[in-house]
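To start, the structure itself, in structure tokens.
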Amino acid sequence: MKTHRLLRLLPLLAIASAAADSFELKDGTKFEGTILREEGSDYIIQVQVTKSIKDERRVPKADVVSQVAEKKDETAFAGLPGLLPAPDLLDEEKYAARIDQVEEFLKAFPKSPKAAEARKIHDALEAERAMVAAGGVKFGGQMVSAEERAPKAYALDASIAASAVKSAVEAGDILTALRAWSKLESEFGGSSAYRETIPFMVRVMRSHLANITATVTGFEARVKARESDLAGMNANDRSRSEQAIKEEMDAYTARIAREKAAGIKWPSLSPYVKAPLDETKRMLDSEIRRLSNPNSSTQRNTEQAYEEAYAAVTKAESTPQEIQAALSKAKSANLPAAYLAILEKAVPAAEEKAIPAAEEEAVPVPEEKDIPATPEP
């Protein structure tokens, strides 16, 4: 009877198991567990009391009115539908990890009723992975192949960089947003995505400036309050706290040094280190003034220069001179090297298209054996 009283508590403990059968007892108790062994007229059943705690229960066989074996394939399959749709910007390695999960299920349960659905998930992930491996990307919920990406690669990558800024802001990580903004501005300052993100970023910077200003204003009081707290501790507690503070400050100082060496514009901040706070405050104030003045922001249109150059180098009718002129114009628009490489890679394909037309117009040159000998005088 003691066993029965314990088992009556199981529903209240929200018992769950990754691989368990469902049991119902004569008194109406229902729970999930795994039979470990039989001892005479009893079952020894393992139950999951909490997420990290398991327990064993002795249950008389006569008290079990039903036992429904878990459909382990359904349990194993449960997480697979969540693999689709895959999120934007997954790299090939992350696609492979998702595909491995599906393959493990298919290997363990090849005859499961869920196998057909699992194979569809597998094939969809594999198709996207192959596109990414070939140079494509998923963005805005859509797969963009390498061939589709190339004509507007600069604009697409700028939009991806701008989305990283906004995602960081939405997550409340302003430091990451500022660093992502610096990347967007330095690499894609000639894009429409950059220009369209300026008003948004000015609002973010103004809000962040207000927070930093308040932090700087309260700096002295905050430091004094910490010193007062330490002074009120007993010797042992104060010693441990001071050691913890020192370790934290040492780690912060090392991080700042690494960031400076890497040329990172926006430093990590500590409410107890004033110099980076003051530096950030000055930078925010300067950036807000600069970006709020339309005449001070860059007006170059690198995006348009790239797209015009790509159209020129891939046009079958373009002459070598026109192709070189398009490449020179793209270079003068400060197009990053990665996008110049895309243009240069497209040039041979464009030249090959022009070869057949040239061959049709060419006058055949007779071989030497076909030329009649000139009679000697």
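The values are calculated or read from the model by the stated rules, or taken from the named source; none is laboratory data. The model shown is predicted, which means the values in this text are computed figures rather than measured ones. Cβ atoms come from the backbone with ideal geometry, glycine included; neighbour counts cover every protein chain shown.
Structure data summary
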quantity: The listed residue being in contact with an Asp or Glu (Cβ under 9 Å, 6 or more places away or on another chain) and over 22 Å from PRO85 (Cβ atoms), out of SER163, SER228, SER191, SER207; calculated: SER191
quantity: Some residue of segment 116-137 being under 27 Å from SER207 (Cβ atoms) and in contact (Cβ under 8 Å) with a residue 40 or more places away in the chain; calculated: no
quantity: Scope segment 103-135; condition among the small types (Gly, Ala, Ser), touching a helix residue (DSSP H, G or I) at 6+ places or on another chain (Cβ under 8 Å) and surrounded by fewer than 18 Cβ atoms within 10 Å (Cβ to Cβ); matching residues; calculated: ALA108, ALA115, ALA133, ALA134, GLY135
quantity: Lone unmet requirement of (1) of a type outside the set (Ser, Thr, Tyr); (2) closer than 22 Å to ASP27 by Cβ; (3) loosely packed, with under 15 Cβ neighbours inside 10 Å; (4) modelled with pLDDT of 90 or more for VAL59; calculated: (3)
quantity: Scan of segment 180-194 for residues that are surrounded by 19 or more Cβ atoms within 10 Å (Cβ to Cβ) and part of a helix (DSSP H, G or I), ordered by number; calculated: ALA180, TRP181, LEU184, GLU185, PHE188, ALA193, TYR194
quantity: Extreme residue, nearest to GLU308 (Cα to Cα), among residues of segment 169-206 that are under 18 Å from the mean Cα position of the chain (by Cα) and without any contact (Cβ under 8 Å) to a residue 24 or more places away in the chain; calculated: LYS183
quantity: Unmet requirement for SER145, which otherwise passes all of (1) under 28 Å from ALA96 (Cβ atoms); (2) surrounded by 18 or more Cβ atoms within 10 Å (Cβ to Cβ); (3) among the polar types (S, T, N, Q); calculated: (2)
